[in-house]
Every structure is written in structure tokens, then in C-alpha cells.
Amino acid sequence: QDYYIGLDDSADDLVIGLGSAVGTTPAISVDENQMTTFGKAALGATLTDTSNTGSVTLDFNAYQNFILTFTGNVTLANPSTESAGQSGIIVIIQDGTGSRTLATGDQFEWPGGSVGTISTAANAIDVVPYFVSATGSIKCGTPQLAFA
């Protein structure tokens, strides 16, 4: 595959794309206002971890989304890798036994001040949205429960 990096003088855009010349198939374009346009969907890196129990520290430098299967009770420990503006989801899957609980460090902030209630049925799947408002401040949304 051929790729190019070039300046589209007519639009004053920095362009990275597929092909042999600027304008062939733009993948990423950055305009003079630093607005970035992607030619297709932008995918955040996703961690899929099928065995989580005890203290678990999420790596926000490496991943945007997390799919965690609980094989025991889990405490999400305070990370040191989050940056303001990051957002994504944490998917919690109960293993075939279920009844696993979730606790979090104090950097995970929840509506009403209490850790969100998750499903405990065997094989239940919940989704927790999050937004990092500042280093040490991860705003967690109310868990969306019991996806099939």
C-alpha cells in the first residue's frame, strides 16, 4: 500500500492518506484551525481481559475502552495514566458464577457519591460510561444493566 503525507494548498489542510498523491484517498485531514477529520471511523483501543479479580488498575495510556470479565470481586484501583478529556466505556461481564461485586478507588466519581450498582446474575453484562474531567477525576455514569 502507498501512503502519502502532504499539504492540500487549496484547502490549507495537512493530509495523510492512502494512495500515491494528495487527494487520492484522505484518511486524516487537519485544517488551519486544527480541526481533524477522519476518512473513516476512529477506533479507540480496547482491552479485553477475561479474568479479573481483586485489585485491577486500568491503563488509560494504552486503552480507551475496557471489557472486563469478573471472576471474583473487583476493585478498580486509582490509575496514574488518565488524562483530562478522555472518555469511553467499561464493560463488566459476570462470569458463569456471578455474584461478583465492584468497588473503586476515590478517583472514580459516581452520581450521588456511591459506586454504581452492577448486575450480579451469572453472565450478566453491564456498561459504565466514563469521562476524565481532570487528572485524578474520572466521572462514571450510571451503569447500564443486563445487556443480553
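Quick notes on this structure:
- Span per principal axis, largest first, for the Cα atoms of segment 16-72 (Å): 53, 24, 13
- Apolar share of the accessible surface for segment 6-114: 51 percent from carbon plus sulfur atoms, 1.4 Å probe.
- Ordering 29, 52, 10 by Cα displacement along the dipole of segment 1-62 toward the positive end leaves 52 in first place; charges were set at the Cβ atoms of Lys, Arg (+1) and Asp, Glu (-1).
- Here the simple spin-label model places points 7 Å from the Cα toward Cβ, and for residue 27 and residue 42 these points are separated by 1.5 nm.
- Student exercise, segment 11-134 dipole from Lys, Arg, Asp, Glu Cβ charges, in Debye to nearest 20: 400
- Across 87, 10, 29, the residue with the most accessible area heads the list, and the full order at a 1.4 Å probe is 10, 87, 29.
- Other residues whose C-beta falls under 15 angstrom from the C-beta of residue 37 contribute a net charge of -4, scoring Lys and Arg +1 and Asp and Glu -1.
- Across all directions, the average projected area of the convex hull around the alpha carbons of the chain is 11.3 nm².
- Working note: Cα atoms of segment 93-148, range along each principal axis, descending, whole Å: 36, 19, 18.
- Gain on full stretching of the segment that runs from residue 77 to residue 59 - 0.36 nm per residue minus C-alpha separation: 5.4 nm
- Zone residues, segment 123-148, relative to residue 114, backbone N less than 17 Å from point 7 Å out along Cα-to-Cβ: 140-145
- Per residue, the solvent-accessible area of the chain (1.4 Å probe, heavy atoms of protein chains only, all protein chains present) comes to 56 Å².
- Surface calculation, 1.4 Å probe, protein heavy atoms: residue 83 sits at approximately 50 Å² accessible.
The values are calculated or read from the model by the stated rules, or taken from the named source; none is laboratory data. Nothing here was measured: the structure is a model prediction, and the numbers come from that model. Note that each Cβ is placed from the backbone with ideal geometry, even for glycine, and that neighbours are counted across all protein chains shown. With ligands, DNA and RNA removed, areas are computed over all heavy atoms of the protein, side chains included. Shrake-Rupley method; radii C 1.70, N 1.55, O 1.52, S 1.80 Å.
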